[in-house]
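Please treat every number below as a calculation from the coordinates, not as lab data. In this text the structure is predicted, and so the values were computed from the model without any measurement. With ideal geometry, Cβ positions are generated from the backbone for all residues, glycine too; neighbour counts draw on all protein chains shown.
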Amino acid sequence: MPKTIIEPFRIKTVEAIPQTTLKKRKEYLAAAKFNPFKLRSEQITIDLLTDSGTGAMSANQWAAVMQGDETYAGSRSFFQLEEVVTKLTGLKHVLPTHQGRSSEHILLAVMGTAGKVVLANNHFDTTKANVEYLKGTPVDLVIKEAHEPETKHPFKGNIDLEKLEQHLQELGDQVAMVLMTITNNTVGGQPVSLANLKAAAALAKRFNKPFILDAARFAENAWFIKQREEGQQSRSVREIVRETFDLCDGFTMSCKKDGLVNIGGLLCVNDDTLAEQARSLLILTEGFPTYGGLAGRDLAALAVGLEEVLEEDYLQYRIASVAYLHKALDKLGIPLMHPAGGHAVYIDATAFYPHIPAHQYPGLALTNALYVAGGIRAVEIGTLMFGTPNEAGGPDNTAPMELVRMTIPRRTYTQSHMDYIAEVLGDVYQQRDMTTGYAITKQTSILRAFTAELQPVTGATENLAGSVV
Ligand code: F0G
């Protein structure tokens with residue numbers, strides 16, 4: 001048997017990627033005020049900002065697009081999707097939405113989050129923001145190994161069951177639900193084991209709380225379970241997926257990940273009353289329940305994507321391509337989060353640039369160096385994203401970790417693209433001593449990472465907190 005894991009597809013349609021010069025990239029970055037979120041796609045050679053809605057659809061999905069039924073109420077495409085989702089997950093009520101965060105908002109609103117606590121392994125950013133917006137309190141209870149970059153635990157996305165039980169006992173009626181994010185994006189796309197999911201679901205049941213899944217990367221999670229969990233090797237991914245969904249009372253899903261589509265979301269529940277309430281809110285905010293903020297053609301493409309994502313050749317290639325990049329960077333001595341996650345490789349920017357303090361954004365220094373060296377766009381997940389400005393005008397309140405996420409879109413880049421990324425990063429690592437940090441010159445009070453303007457710091461001890469507008 002050949003050992004090489006190949007891309008399990010051949011390419012029928014190609015999209016040219018921009019190739020730029022070093023001089024141009026320096027100009028583009030300066031014009032973007034040193035914030036890669038402000039770059040335009042034609043300035044980027046390889047875009048690793050996110051795996052959300054950035055993947056390639058298959059010939060079968062494009063064929064389904066042409067068959068999409070644009071009927072306002074009662075679209076055939078909806079019923080096709082409903083059948084696929086019911087077979088996949090077993091949940092009774094299927095509501096389409098335009099993307100994950102809208103499913104989250106509707107579910108959290110109808111479940112009565114106000115004044116209550118949501119207990120999770122980790123809330124994704126939009127889930128956390130929605131809980132807070134609805135006047136609830138998000139609490140993250142991931143296992144401690146998740147915060148140790150070097151520790152090679154097979155299921156670093158797991159919830160700490162002891163802490164979960166303790167919180168359920170102490171908080172009693174204040175708890176709205178138990179929520180599990182699979183895979184756990186916040187800690188690096190790390191999987192959650194079936195045993196952990198079962199134990200968390202049993203605890204939720206014992207305390208009479210709904211057990212909810214954020215299932216954005218449910219197929220990648222199931223693949224890790226099949227690979228790593230004792231006794232799961234001989235099962236099909238579909239069986240593992242079904243067992244996972246059988247544990248829950250409801251789930252939200254951003255279909256822009258494992259739905260293999262560019263736009264779409266799902267909200268599914270078993271409870272009839274809750275479903276009725278959710279449908280009413282869906283009509284108010286998204287659209288009629290048989291299209292929910294999507295076109296009929298989007299529903300049709302999603303119905304095909306949710307089948308394709310279970311193909312084991314695909315999942316093997318998908319996880320192997322992320323692990324391939326991780327291994328190549330590890331060989332170069334680049335400090336990484338271990339083990340490789342499902343959808344991204346995370347670099348530890350504090351260890352990469354020990355001379356750049358957190359309040360001068362070492363993660364951003366790395367994303368910008370990567371862009372200049374090779375036209376690659378990654379994303380800072382550190383103090384620029386999660387830190388807060390210091391009210392007194394001193395250095396920022398910093399984030400717990402300074403990371404850079406290199407997120408791999410699905411079925412989009414090939415092995416030579418991965419080799420190129422590793423080569424560029426190797427060069428950036430060689431020149432790490434020469435790289436300086438950044439200072440903010442302009443920022444907004446919320447979600448500043450998306451819009452902030454910055455400049456390179458020349459004097460190492462300088463502190464330019466920037467004006468808050
Ligand atoms: N839940 C998880 C675990 C996610 O990763 C995301 C999105 C969402 C919910 C929200 O879904 O974007 O469709 O509204 N994650 C993207 C990312 C944005 O880059 O990781 P959405």
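For the range 59-308, the share of DSSP beta bridges that are antiparallel, to the nearest 5, is 45%.
Relative contact order for the range 253-366: what is it in percent, counting Cα pairs under 8 Å that are at least 6 residues apart?
Details: 92 pairs, mean separation 19.1, N = 114.
Computed over the range 253-366, the figure is 17 percent.
With the cut-off at under 15 Å, measuring from each backbone N in the range 94-110 to a point 7 Å along the Cα-to-Cβ line of Thr285 picks out 95-110. The residue among Ala300, Leu179, Val118 whose Cα reaches farthest toward the positive pole of the charge dipole of the range 59-308, with charges on the beta-carbon of Lys, Arg, Asp and Glu, is Ala300. Legend: calculated FRET efficiency, Arg242 to Ala351, from the Cβ-Cβ distance at R0 = 51 Å, rounded to 0.05, equals 0.80. Here the dipole of the chain is about 680 debye; that uses its Cα centre as origin and unit charges on the Cβ of Lys and Arg (positive) and Asp and Glu (negative). Averaging the sequence gap over all C-alpha pairs within less than 8 Å and six or more residues apart, then dividing by the number of residues, gives the chain a relative contact order of 21 percent.
A straight chain from Thr388 to Asn208 at 0.36 nm per residue would run longer than the Cα-Cα distance by 61.1 nm.
Antiparallel DSSP bridges in the chain: what percent, to the nearest 5?
Details: 26 of 45 bridges.
Just about 60 percent of them are antiparallel.
In the distance distribution for the range 20-91, Cα-Cα pairs more than 20 Å apart total 58 percent. For Phe37, neighbours were defined as the other residues whose beta-carbon sits under 14 Å from its Cβ, and their charges (Lys and Arg +1, Asp and Glu -1) total +4. In debye, nearest 20: dipole of the range 59-308 around its Cα centre with unit charges on the Cβ of K, R (+) and D, E (-)? That gives the range 59-308 a dipole magnitude of about 100 debye.
Hey, got a sec? Which GluC sites (Glu not before Pro) in the range 45-103 land in a DSSP loop and have at most 15 other Cβ atoms within 10 Å? Counting only loop positions with at most 15 other Cβ atoms within 10 Å, the GluC sites (Glu not before Pro) in the range 45-103 are Glu70. For the chain, the mean residue ellipticity at 222 nm estimated from helices alone is -12000 deg cm²/dmol, where every DSSP H run of n ≥ 4 contributes -39500 (n - 2.57) and the total is divided by all residues, rounded to the nearest 500. Legend: ranking of residues Phe218, Phe211 from fewest to most surrounding C-beta atoms inside 10 Å; resulting order Phe211, Phe218.
Listed by chain and number, the aspartates and glutamates whose alpha-carbon sits under 15 Å from that of Lys163, ignoring those within fewer than 8 places in the same chain, are Asp140, Glu145.
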